[in-house]
Structure formats: C-alpha cells, structure tokens
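What follows is a structure written as structure tokens; I'll ask about it next.
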Number of protein chains: 2
Amino acid sequence: MIVMTLPLYALIMAGGSGTRLWPLSRQSRPKQALKLIGDRTMFQRAVDRLLPIMPPERVIVVTTAEMADLLAGQTPLLPRRNFLIEPEGRGTAPVIGLGALYARQLAGEDVVVACLTADHYIREVARFQNVLLAAAELAERGHIVTLGIHPAYPSTGFGYIERGEALTVVDGFEVYHALKFKEKPSEAMAAEFVADGEHSWNSGMFIWTATQVTREFERQLPGTAAKLNEAARAFDSATFAEAMARVWPTVEKQTIDYGIMEGAENVAVIPVDIGWSDVGSWASLLDILEPDENGNVIIGGHHVGVDTTGALVKSDRLVATIGLNDVIIVDTEDALLVCAKERAQDVKRIVEKLQQQKEYRYL
Amino acid sequence: MIVMTLPLYALIMAGGSGTRLWPLSRQSRPKQALKLIGDRTMFQRAVDRLLPIMPPERVIVVTTAEMADLLAGQTPLLPRRNFLIEPEGRGTAPVIGLGALYARQLAGEDVVVACLTADHYIREVARFQNVLLAAAELAERGHIVTLGIHPAYPSTGFGYIERGEALTVVDGFEVYHALKFKEKPSEAMAAEFVADGEHSWNSGMFIWTATQVTREFERQLPGTAAKLNEAARAFDSATFAEAMARVWPTVEKQTIDYGIMEGAENVAVIPVDIGWSDVGSWASLLDILEPDENGNVIIGGHHVGVDTTGALVKSDRLVATIGLNDVIIVDTEDALLVCAKERAQDVKRIVEKLQQQKEYRYL
C-alpha cells in the first residue's frame, strides 16, 4: 500500500526530433507524433498510460513551438497551459529543471515529478504505473529514483546504471542504491554489463520532488538554476514566451545524466522489466509488434507475400514481396524506404545524403 | 545490295497481355504500352525501328479492341485503318494469317510480310533493319525466313530453332536451313543447345510473302484458311467488325510455331545477334539497361542508396535503399513490388493471389 502526501506530476519531454524512423518521421513530424503501434501516436500512448494514476491537469509537456499545436491537438484532455515551449533544444537538464518549477507552480506546493519520455514504447502498462507510484513514494522519502530497464541484450546504444546495495522494497519492487551512471559502452563492456546482472539500461525516466530538483540544480548547475528561476517568474503570464526567448538560448546545454544524475546524492534505481523499447529504429518495431502467421509485421495497407519472412511493411497501399527475409519497407506519400533489417541504424545515412543534396522537402 | 520487287510490310502483333511486369503492367496497360526503356513505349519503339525501312502505311498492327485506341494514339503516323482488331485471343497463327491477307489487300499485290512483336527489346536497331531487308529478299526467293537469336544463356523460357545446312549469305548474313523447331526445353537440353552452337532462340519473328502464308495455311490449317478468307472479304468495309465477331471465335486456336512452322517447307533461319530480349521479367531489364556507377538501374524517380548494388528501381518518387543486393523495386501509384531478382519470374504468383483475393483493381 503506497501512501503519498505530495501530488504526483508527470513531465513529458516531447521536444525530440529524430531521423531514425525516416521516411515516416520528418522534422515536422517526429517519432512521438507518429502512429507506430496501433491507432494512437507514441505521444498519445505516453499520456494515456499516465491518466489512470493522475488527472490530466498534472501532465506537463515540454516541446517545441512547431510541435505544440500538433501534440495538444492529439491530447485534448490536457490543459493547453500544461504545454511549455522550449525555444530551442538545450538538452534534457534545463527541460527537467523548468518543468519541475512549473509543476510546483501549478500545484502551489511541493510535488513529485516523474520525468518521462514521449516516444518510447512500454508493453507492460500496469506494471509501469505501479512502479511509478512506488518510485513516487521513494521520492517523497528523499530519493532521486530512476527506472532501470532489464537489459534484454548487450546494447551499445543506451547508457547503463550500475546498482549498489539493496535499499528497500516498495510495493514488491526491489530498490537499489544507484552506484554509477555509465555512458554508452563498447560491445565488450555491454556484454559484461549484461552478464554481471548488476546493470540496467538507463531509460531516462526519473522520479523526484521539485524540491530535490531545485536543490540539485542549485548545487550542480547554479547558473542554469538562476536562469530557470528567472524564466519561472513569468510562468502563466503574457511575458513568459518573451522571458523564455531571452533566457533559454543562454542556458548551458546539458543532459540530465551528465549535468545532474552522475553527481547527485541519494539516487536509487528500481530495476524493472516493463517491456520497454526506445523504438530507436524500424528494426525495433519488428521486436515489439506481433508478427503475422508468416512472421511479418504489417502496419496498415495490404500485403501479399511469396516466400517473405521477417519483414516489416508500413504502407497505406498494396505491397507485394517475393523472396525477401528480414527487410524493412516503409512507404510514405512521397518517399519509400527499402532496407535490410540489420542495417536499420543506417537510415540516418539516407537522411544525411538528402541533407547534402539539399532535398529539404524529404526531411 | 538488296534488290526487292515486292513491297515490304510489317505485321506487329500487339494483342498480348502479360502479368510478368506487374504492378506496372495491368490488364488495361500491357507491356507493349509501357515506357520501360527511355521515353517511348515498347510499342512505339517497335514501330520507330521500322520507319527507316518502310513507310508508315505499310505497318499493320493486330491488337485487341481495348488496346487499339491506346496504341493508335501512341503512333499517330500509322493510318487508323492499319489497326486490325482481334475480338479475342486465338493464338498467333490466325493473327498472322489475317494480317498477311490484309497486307496484300492494302498493297493490291503480293507483299513480303515481316511478322514482328510489339513488346520485345532490340538493342542493335541498325542490324535488325539490315537483317529484315536481307530476310525480305530471301522471302522473295521463296523462303520462309525466321530470325534466330544467338542464345546468350541456356534459357528454358524460349523455343529453339536447330539449324541445318548453310544455304547462302545475303548482305553479310549467313542463312541456314531451319532443321527443326523445338519447344521450351529442359535445363539439360537448353545447356546442350547452347553448347552445340547449332541452335538459336526462336524470336517469333518470321518474314515471308503473303502468297507463302496463304499456301501454308491452305495446306496445314485449311479450316482456318477458309475462315480467314471469309473475314477478309469484309476488309475495309463497314461489316468487317461484324464478320470478325462471327468468324473469329470459331477459328481454331493455334500458334504459328505449332500450326505452321513445324510443318512448313523451305524454312530458313538467319542467326543474328541484335541484342534482343523479350523483356520477360523485371530481371531482364537489369540485363538490358545500363547500370549506374553503383551497379543499379534506376528508371525515373530519385534514388538514394547506401550499400545497394544490382537493384532495379522503377518509381516516380524518392526511393531510398540500404544494404540490398539484386533486388527489384517497382513503385506504382497504387501498388508496390519488392522482389528478389532471382525470383522475378514469381511475380505471376502475386497476380494469382490477387485474383484469388478478387482484388481486381490491381490487375
């Protein structure tokens, strides 16, 4: 039984732009705005899974000016004032700092803020909700809590968290001291991390009180803290956008991992297996989605295959395939991608080539 | 120096429908109507390469009612009366028989008729024109001349012509007695045919006089000959379509190879290497067309590739490929094909599946 005295807020970081799901993802339509899984966008799914444990008034979104209307339109339950605009990308640290201040402003008291992502997949939604509540209780007790994802394979694409001594058990979730945040490792290191059973993937989900956030920023990033406070004085006033436009570009660019977490005190990690994926490439969708009887994942459209297995086909049209294995076909209105599954990470090279060719309409 | 006394006519058989180039080829848009190579359709190319050696009035086209307007529109130089309609497919024999009668009718005297195809590729156009003139001279001397294509590989998809004794040389072309027409062989037989140097592919191109045609039909297919004569009595009259509708469905279904050539007398073969291809599959276009510096054949559109070789890409859009070898990508308005090159013959299986699924709009 979890008893909380502080209100639980969520801060969804939705400012990201990515190219790894090109040609579906574009600058004006990043991953969080896409319907990759079922009929809801990744952002809608990120909000949907929170609403059973908090009212929509407590879901804050930080995003870009370009994306705000699109995302707000996708989630009409969220008050429009809950969308904060970052004038430009300055890394996750200032976003979380500002969001925590805004949550406390909305609540009128200290709050627990769950800092979450807008474009990741979580299969076990109920377990995610439960671990969030457990983490919130720990945050009230003074911990900075991070969710450590059970490493399904030795990824070199994620940071890792090494756990130390066991701290406690909350609502069935074992909690450990977070010994060390580690950058994306080499292949050999990653294999070691997975083998030793002491490491989790760093999911980038952090649960802490606004007071803790403020304390850590003032201790570790005092310059940023001062600037965030300056912007925060204009919260909910007509001059907020103006204050942000003035202050934000001068804020030190920093990620929360490097800027705060590595030097933070009292960080706890809850290792969890919630079927998490960052949906970092088209290949990852082949792992997430249930294949059909031929072992293919067909998203939309109509697929007719002869001797085709392990294919991901995303299209609104008829797609016929013959003699293909482990291939990704993404068919959009103006561009088509056909890619060997094992080369899905190289979609970014296509995007780079298009940039070199100044083919901006495809970006 | 070739001296002819009879006018040379061409009979282009353009009634075919095919599925091997699906999704570009459809029932209403068969191969001959497609721009597969350059800016002219296969049919336009078939006509273009004749016009340097005969006036357009001497080019006769036999096709279906559905196709006639389309093809006539593509070749405004040809008189509309030169398009004969076959009410339904009855094989090549009656088409050639009728076409020869029509050519003689148009000329008002005996003629040489070169029976040609509408949807094949010929790279060496000048040599093709020269061999056609040489064949016409031989036809005037009483031979039924067929063009034997140098067999580039042991194809099991073509019939073969075995040559016998050398007959003569006309304008530099060696002419042989055609010993035997052979059906599509087994792989072992095809390998033998290629190895022995005595066989050519049967290209389906025959050059003979209308008198020879009539004589062979009356000898070998007398029933058909009578019916063709009945239809021919209505040539150029308002009742021709009516006569054809009555007579044609009762004509014996027969190919020219089985019905006439195998039993014909005085057949000659001219083995030639004119860069001929029946364009029987998407894979054949990879052999015909010049690859770009990456070894890919890109038809239309805009291709951006990473580690892609041996690909055929036909599209009007942007197509990006990563880590692909020997793959065929054909992108049309409503359907997309992605096919391993070695499986190009199985495109027909897609078409069969669509028929089973009653997806007629894609056929």
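Across peptide A:350-362, how many C-beta atoms of other chains are within 10 Å of each residue C-beta, on average?
Details: counts 7, 2, 2, 4, 4, 0, 1, 2, 0, 3, 0, 1, 5.
Mean number of neighbouring Cβ atoms from other chains: 2.
Net charge around B:Ala234, counting only other residues with Cβ within less than 14 Å of its Cβ (Lys, Arg = +1; Asp, Glu = -1)?
+1
Now for a separate question. Could you give the radius of gyration (one decimal) and Dmax (whole number) of the Cα atoms in the stretch A:110-214, in Å?
Cα only, the stretch A:110-214: 13.9, 43 Å (Rg, Dmax).
Among B:Val330, B:Tyr360, B:Pro291, which residue has its Cα furthest toward the positive end of the charge dipole of the stretch B:282-362, with +1 on Lys/Arg Cβ and -1 on Asp/Glu Cβ?
B:Tyr360
If you put a point 7 Å past Cα along the Cβ direction, how far is that point for B:Asp48 from the same point in each other copy, in nm, smallest first?
5.4
Continuing with the same structure: For every helix of n ≥ 4 consecutive DSSP H residues, a contribution of -39,500 (n - 2.57) applies; sum these over chain A, divide by its total residues, and give [θ] at 222 nm rounded to the nearest 500 deg cm²/dmol.
-9000 deg cm²/dmol
What is the sum of charges around B:Phe193, taking Lys and Arg as +1, Asp and Glu as -1, for the other residues whose C-beta is under 9 Å from the C-beta of B:Phe193?
Every neighbour counted, the sum reads -3.
So, one more: What Kirkwood hydrodynamic radius do you get for the stretch A:282-362 when you take the inverse of the mean 1/r over all pairs of distinct Cα atoms, in Å?
Hydrodynamic radius (Kirkwood, Cα only) of the stretch A:282-362 equals 13.2 Å.
Among the trypsin sites (Lys or Arg not before Pro) within the stretch B:299-358, which fall in a DSSP loop and have no more than 15 other Cβ atoms within 10 Å of their own Cβ?
Answer in residue order: B:Lys358.
Have a look at A:Pro52, A:Leu77, A:Thr211 and report the one farthest towards the positive end of the charge dipole of the stretch A:8-277, computed about the Cα centre with Cβ charges (Lys/Arg +1, Asp/Glu -1).
Of A:Pro52, A:Leu77, A:Thr211, it is A:Leu77.
In addition: Using alpha carbons only, how many angstrom separate the centre of the stretch A:275-328 from the centre of the stretch B:194-258?
So the two Cα centres are separated by 50 Å.
Report the charge-dipole magnitude of the protein assembly as shown in Debye, nearest 20, computed about the Cα centre from +1 at each Lys and Arg Cβ and -1 at each Asp and Glu Cβ.
On the way: 70 positive and 94 negative charges, 325 e Å.
Dipole of the protein assembly as shown, to the nearest 20 debye: 1560 debye.
Looking only at other chains, what is the average number of their beta-carbon atoms within 10 angstrom of each beta-carbon in A:53-65?
Rounded to a whole number, the mean comes out at 0.
If you don't mind, another one. When the expected Rg is taken as 2.2 N^0.38 Å, what fraction or multiple of it is the alpha-carbon Rg of the stretch B:248-287?
1.77
Report the local net charge at A:Arg219: Lys and Arg +1, Asp and Glu -1, summed over other residues whose C-beta lies under 14 Å from its C-beta.
Result for the neighbourhood of A:Arg219: -3.
Distances from A:Leu77 to the same position in the other copies: list them in nm, one decimal, shortest first, using label points 7 Å from Cα along Cα→Cβ.
7.1
What gaps in nm, shortest first, separate A:Gly164 from its twins in the other copies when you place the label 7 Å past Cα toward the beta carbon?
9.9
Further question on the same structure: What is the P(r) of chain B, as percent of Cα-Cα pairs per 10 Å bin from 0?
5, 23, 32, 26, 12, 3, 0
Right, another one. Per the Cauchy relation, a quarter of the hull surface: what is the mean projected area of the convex hull of the alpha carbons in the protein assembly as shown, in nm²? Display every interim value, and only then the final one.
Values: hull surface 156.5 nm².
Hull-based average projected area comes out at 39.1 nm².
Could you tell me how far the Cα centroid of the stretch B:4-45 sits from the Cα centroid of the stretch A:331-363, in Å?
35
Got a sec? Charge dipole of chain B, +1 on Cβ for Lys and Arg, -1 for Asp and Glu; which of B:Tyr176, B:Ser200, B:Ala33 is way out at the positive end?
B:Ala33
Dipole of chain B, Cα-centred, from +1 at each Lys and Arg C-beta and -1 at each Asp and Glu C-beta, to the nearest 20 debye?
On the way: 35 positive and 47 negative charges, 203 e Å.
Result for chain B is approximately 980 debye, rounded to the nearest 20.
Hey, could you get me the Stokes-Einstein D for the stretch B:181-242, Kirkwood radius over alpha-carbon pairs, 37 °C and 0.692 mPa s, rounded to whole µm² s⁻¹?
Working: Rh = 15.1 Å.
Estimated via Stokes-Einstein, D reaches 218 µm²/s.
Considering only DSSP beta bridges whose two residues both sit in chain A, what percent are antiparallel, to the nearest 5?
50
Quick one: work out the % antiparallel among DSSP beta bridges in the stretch B:256-363, nearest 5.
Values: 5 of 18 bridges.
Looking only at bridges with both residues in the stretch B:256-363, the antiparallel portion is about 30 percent.
A further question follows. Taking 2.2 N^0.38 Å as the expected size of a compact globular protein, what ratio does the Cα radius of gyration of the stretch B:1-145 give against it, to two decimals?
Relative to the 2.2 N^0.38 Å estimate, the stretch B:1-145 comes out at 1.02.
Still on this structure, I have one more. For the stretch B:211-313, place one equal point scatterer on every Cα, skip the solvent, and apply the Debye formula. What is log10 of I(q)/I(0) at q = 0.09, 0.13, 0.14, 0.15 Å⁻¹?
-0.52, -0.73, -0.75, -0.78
Taken together, the values in this text are just the output of simple stated rules run on the coordinates, not laboratory data. This one's a predicted model, so the numbers in the text were calculated from it and none came from an experiment. Because the Cβ atoms are built from the backbone with ideal geometry, glycine has one as well, and the counts that use them run over all protein chains shown.
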